[in-house]
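Comments concern the structure below.
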Amino acid sequence: MEDIIFKLRSEAKKNPRRVVFPESSDERVLKAIEYIQKEKIAYPILLTSDNMEIAKQEEFANFYYESKKNRGIVFEEARELMENPLYYACMMVKLGYADGIVAGSIYTSSAVIKAIINCLDVDKTINLISSCFIMVLKDCKYLENGTLVYADCGVIPYPTSEQLAIISISAAKFTREVLGFEPRVALLSFSTKGSASGRWVEKVREAVEIAKSKNSGFLIDGELQADAALVEDVAKRKLSASPVAGRANVLIFPNLDAGNICYKITQRLANARAIGPIILGTEQPCSDLSRGCDVDDIIDCTAVVVIEANKRVGINK
């Protein structure tokens, strides 16, 4: 279980980046930052009322207003937003004063996602913001060194087939670039290759075809039930051939109900580590913590954000 966590932290230490934390009143964040500084995982920037500079607030408000004025926002609204540490932190990343953001220990996911969407840039090759979790389990023979990636568990409630396809590719790209192993992506359903029918089954089936048509270079298959995706013996009984079935390491859920419930059940009943949500589809790296996070979760999300920052072109120390 510790292998992937050690790997992430060690990788981040090779080239620490500036990560901003807007929740200075959270004791968990303070303890995490103490460890991050000691181990040189990142250069943390903890926002407080004392270091949210008025000059930068004006700079950020001006930039935000100019980028949003066609949508009807007035300057006073922009200025007021920049008094919010979450928006201030996002604009620090947007304008190069920080390389990534970790937030969500106090702020709700909806607040964090809204700030990210409003302030940061969408990856034009993806054009969709979603999220994933790195799930790290003990003593599980089905996984990649005890590791799975779950998506989307935090952003898009009821994705279309096109969105599911993009989520699949985004999660696969993240797995390859950040975790360093080849993704085998299973789009999950209550049906395995036509064993059942229904609106959601058809949506997943269409998503598989769309994902394959994009020639992404990733192994993607579905629709698969969870046991057929993970267990080789079950896969052999339920379908004849698949490049993914029985050995999937990236699981794509049909909607947020399924994804969010499953990650929390895995975390609590299987005593798994749930690192994330990691935001996918933005130019700048960011993580939306669960409000139920612990200190280690914050440390590990920070390590992931640092690794992502080092993968991005144009972000400088």
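Numerical summary
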| quantity | calculated |
| --- | --- |
| Set E80, E11: member being over 30 Å from V149 (Cα atoms), in a helix (DSSP H, G or I), modelled with pLDDT of 90 or more and not assigned by TED's automatic domain parsing to the domain that holds N260 | E80 |
| Candidates Y65, Y97, Y88, filtered to the one that is in contact with a Lys or Arg (Cβ under 9 Å, 6 or more places away or on another chain) and outside any helix (DSSP H, G or I) | Y97 |
| Positions within segment 112-123 being surrounded by fewer than 21 Cβ atoms within 10 Å (Cβ to Cβ), in contact with a helix residue (DSSP H, G or I) (Cβ under 8 Å, 6 or more places away or on another chain) and not in a loop (DSSP other than H, G, I, E, B), in sequence order | N118 |
| One residue from I126, I156, I167, I134 being under 30 Å from A12 (Cβ atoms) and assigned to a helix (DSSP H, G or I) | I167 |
| Residue match in segment 187-198 (condition: under 19 Å from the mean Cα position of the chain (by Cα), aliphatic (A, V, I, L, M) and either at pLDDT below 90 or within 22 Å of L280 (Cβ to Cβ) (or both)) | yes |
| Pairs, first assigned by TED's automatic domain parsing to the domain that holds Y158 and assigned to a helix (DSSP H, G or I) in segment 241-269, second of a type in the set (F, W, Y) and modelled with pLDDT of 95 or more, C-beta under 7 Å, six or more apart | G259/Y150; G259/F253; C262/Y150; C262/F253; Y263/F133; Y263/Y150 |
| Segment 170-191 - residue that is surrounded by 24 or more Cβ atoms within 10 Å (Cβ to Cβ) and of a type in the set (V, I, T) and, of those, nearest to I117 (Cα to Cα) | T175 |
| Residues of segment 202-240 classified as among the β-branched types (V, I, T) and touching a residue at least 60 places away in the same chain (Cβ under 8 Å), total | 1 |
| A309 buried (at least 21 other Cβ atoms within 10 Å of the Cβ), assigned by TED's automatic domain parsing to the domain that holds R176 and farther than 14 Å from C132 by Cβ | no |
| Test result for N70, surrounded by fewer than 16 Cβ atoms within 10 Å (Cβ to Cβ), out of contact with any Gly (no Cβ under 8 Å at 6 or more places or on another chain) and farther than 25 Å from V295 by Cα | yes |
| Test: residue in segment 31-54 that is in contact with a strand residue (DSSP E or B) (Cβ under 6 Å, 6 or more places away or on another chain), in a loop (DSSP other than H, G, I, E, B) and under 24 Å from R291 (Cβ atoms) | yes |
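The values are calculated or read from the model by the stated rules, or taken from the named source; none is laboratory data. All figures in this text were calculated on a predicted structure; none of them were measured in a lab. Cβ sites come from the backbone with ideal geometry, for glycine too, and all protein chains shown count toward neighbours.
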